[in-house]
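Below is one structure, written out as structure tokens; comments come after it.
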């Protein structure tokens, strides 16, 4: 099973509104609004800095570099890119969930599992859920994210894995799956606090409860797990755990509260998001 040493990443420090991270051989300095405490170490030399100037994102230091970098997480590979919004396509706070997903699906490799990954972005949870006995449905509303996820599957040697790539609005897709009578053994959810796609708009305070009603209808009678994570400030891990405990297939079971924090050996840790999971 993968350990942090298998992840080609380290958080060096965070604070004063910035996060200093090492991805592979590159040290990156980018904004982090929630890191409003004092930095521990200002001596770290960075290779690449992301700044916003007049509301425009700008990466400094990437001249002459390849447009992508291959980052390893155990047997999985992810393509790091310098996006105009300051993201790089990898969310290190999800590392423990990636490891947990792999552990859950390998408890019984003789049972065929159908897994649904929603708001799936660049697909790392999808890839950690992929195995010879699993069939994964990957749903995201952005075609660019779908293509990025497919590239991650390719460089991870999972081009032929049983992955169904769906570029669609999550709620509309789930509604169709319910009408089709499709069921899933496990569901992964990482919705944004707010999102916009086409004519539809996502607001977590309005849409999360109806989404979980859809999830309840899509689960098999004895599901393997559900994971729910988010960054919404108006919710807490206890709220998400209670929502999962209310799902009828998990009646009587207690959800695990998640506080997704990125550790640092040299500087401040970074509390990044929260969530819950139930199995």
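The values are calculated or read from the model by the stated rules, or taken from the named source; none is laboratory data. All figures in this text were calculated on a predicted structure; none of them were measured in a lab. Glycine gets a Cβ as well: all are built from the backbone with ideal geometry, and neighbour counts include every protein chain shown.
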(message) Among the numbered criteria (1) farther than 30 Å from residue 40 by Cα; (2) touching a strand residue (DSSP E or B) at 6+ places or on another chain (Cβ under 6 Å), which one does residue 272 miss?
(response) (1)
(message) Just to be sure before I move on: is residue 129 exposed (fewer than 14 other Cβ atoms within 10 Å of the Cβ), closer than 20 Å to residue 275 by Cα, in contact with a helix residue (DSSP H, G or I) (Cβ under 9 Å, 6 or more places away or on another chain) and in the same structural domain as residue 101 (by TED's automatic domain parsing) in the structure I sent?
(response) no
(message) I want to confirm something. Restricting to region 100-114 and keeping residues that are assigned to a helix (DSSP H, G or I) and within 20 Å of residue 150 (Cα to Cα), which single residue is nearest to the chain's Cα centre (by Cα)?
(response) 101
(request) Give me a count of the residues in region 213-247 that are surrounded by 15 or more Cβ atoms within 10 Å (Cβ to Cβ), over 24 Å from residue 271 (Cβ atoms) and in contact with a strand residue (DSSP E or B) (Cβ under 9 Å, 6 or more places away or on another chain). (result) 6
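Which of the following residues is surrounded by 21 or more Cβ atoms within 10 Å (Cβ to Cβ), in contact with a strand residue (DSSP E or B) (Cβ under 7 Å, 6 or more places away or on another chain) and part of a loop (DSSP other than H, G, I, E, B): 120, 153, 149?
Being surrounded by 21 or more Cβ atoms within 10 Å (Cβ to Cβ), in contact with a strand residue (DSSP E or B) (Cβ under 7 Å, 6 or more places away or on another chain) and part of a loop (DSSP other than H, G, I, E, B) holds for just one of 120, 153, 149, which is 120.
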